[in-house]
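One structure is given here, and the rest of the page talks about it.
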Amino acid sequence: MDLGIRGKRAIVCASSKGLGRGVAEKLAEAGVDLTLNARTEAVLRETAKEIADTYGVKVQIVATDVTTEQGRKELLAAEPQPDILVNNAGGPPAGLWSDWHEEEWLKAVNANMLTPIYLMNAILPGMIERKWGRVVNITSGSVKSPIAQLGLSNAARSGLTGFVAGTARQVARHGVIINNLLPGSHETDRIKGLLEKTSETKGISIEQARAEAHAANPTGRFGTKEEFGAAAAFLCSQYSGFIVGQNLLLDGGAFNSTLG
Ligand code: NAP
């Protein structure tokens, strides 16, 4: 299927690895030129080269921390007029509700709520003027179904979800479409870290923690970054124009519900 976005330009935040990279690859496959971002320059450079070589699109990199004002300035200076914005950043640490104080809260809210909001604030006016834009925010299944040890994530991402719910409906008439993608467990470095934590807490091996997590999912496995990237690319396509302010859960059916 031709997604109808060949030649468009995208910023994909936090995209040298994991889900962000999965999205970048599927946008590249659809012919989108990319601005990729992550903090570790060597890994980012390698990812950019592999994507450019494989898909023949233009790829530039901005090695910076997207959760800082300076980082966002650098990103916007490199690509001031993207047609597509994919918001992403690392997730907050796991822990107990009593572990987190002002510093941890401010960090989580900054990374997983305010950073995507500030980037939308900067980029939406241009999209509105040009009468076309797509924004996908990578949030988490924890917005819909809380993961107790990820309280910082549950809370900060819920704030972003509330902002998107109203804003998506304000900008849709200008051809600007905003949606959220909610990953359940996907095979990335992030999930490896969480499995290590589970193995520690439960006193089981990492392999056992992984086997239990796979068994608990209706598909019997974790999701892949390719599956995730393809869903994101569709939400960035010409055909997503009537999907507004939605929260699409990609979790293999882990959230047990008849509707919604
Ligand atoms: P990952 O495999 O650890 O990859 C994270 C990527 O983001 C890397 O490229 C990393 O590169 C970059 N990054 C992290 N912090 C950054 C920052 N401040 N500025 C710029 N780039 C940054 O993680 P993932 O599994 O893809 O997860 C992506 C997001 O989805 C996270 O917020 C995670 O909490 C959420 N999520 C993931 C899952 C899952 O199962 N994987 C489930 C639910 C939610 P550098 O370290 O070099 O910056």
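A few remarks follow.
- Every listed requirement among (1) farther than 19 Å from G18 by Cα; (2) in contact (Cβ under 8 Å) with a residue 40 or more places away in the chain is met by V57 save one, (2).
- Selected residue (criterion: nearest to L250 (Cα to Cα)) from residues of the stretch 11-49 that are assigned to a helix (DSSP H, G or I) and within 6 Å of the ligand (Cβ to nearest atom): L19
- Filtered residue count, the stretch 167-189, keeping only those that are within 16 Å of the ligand (Cβ to nearest atom) and among the hydrophobic types (A, V, I, L, M, F, W, C): 2
- Taken over the stretch 213-245, the criterion of being touching a helix residue (DSSP H, G or I) at 6+ places or on another chain (Cβ under 8 Å) and over 30 Å from V135 (Cα atoms) is satisfied by A213, G220.
- Being of a type in the set (S, T, Y) and in the same structural domain as G95 (by TED's automatic domain parsing) is a description that does not apply to S257.
- Residue selected from the stretch 171-197 under the condition in a helix (DSSP H, G or I) and among the acidic types (D, E), by the criterion surrounded by the fewest Cβ atoms within 10 Å (Cβ to Cβ): D189
- Selection within the stretch 74-86 - more than 17 Å from E41 (Cα to Cα) and either assigned to a helix (DSSP H, G or I) or of a type outside the set (A, V, I, L, M, F, W, C) (or both): L76, A77, E79, P80, Q81, P82, D83
- Candidate set from the stretch 198-219 (those that are within 13 Å of the ligand (Cβ to nearest atom) and assigned to a helix (DSSP H, G or I)); member that is modelled with the lowest pLDDT: T198
- Residue match in the stretch 152-161 (condition: more than 16 Å from the ligand (Cβ to nearest atom), under 28 Å from D83 (Cβ atoms), buried (at least 16 other Cβ atoms within 10 Å of the Cβ) and assigned by TED's automatic domain parsing to the domain that holds Q70): no
- Residue in the stretch 84-102 that is surrounded by fewer than 18 Cβ atoms within 10 Å (Cβ to Cβ) and either closer than 19 Å to Q238 by Cα or in contact with a Ser or Thr (Cβ under 7 Å, 6 or more places away or on another chain) (or both) present: no
- Count of residues meeting criterion [touching a residue at least 40 places away in the same chain (Cβ under 8 Å) and outside any helix (DSSP H, G or I)] in the stretch 60-72: 2
- Contact map, the stretch 117-132: residues that are at pLDDT 95 or above paired with residues that are of a type in the set (S, T, N, Q) and loosely packed, with under 14 Cβ neighbours inside 10 Å, Cβ distance under 7 Å, separation 6+ or inter-chain. Pairs shown: G126/Q81.
- Identity of the residue in the stretch 117-151, among the β-branched types (V, I, T) and part of a helix (DSSP H, G or I), that ends up surrounded by the most Cβ atoms within 10 Å (Cβ to Cβ): I123
- Verdict on V57 being more than 24 Å from E129 (Cα to Cα), within 15 Å of the ligand (Cβ to nearest atom) and outside any helix (DSSP H, G or I): no
- The single residue among G260, G245 that is of a type outside the set (V, I, T), within 16 Å of the chain's Cα centre (by Cα) and in a loop (DSSP other than H, G, I, E, B) turns out to be G245.
- Tally, over the stretch 185-228, of residues that are closer than 21 Å to G253 by Cβ and of a type in the set (D, E, K, R): 8
The values are calculated or read from the model by the stated rules, or taken from the named source; none is laboratory data. Worth saying up front: this structure is predicted, and the values here are computed from it rather than measured. Cβ sites come from the backbone with ideal geometry, for glycine too, and all protein chains shown count toward neighbours.
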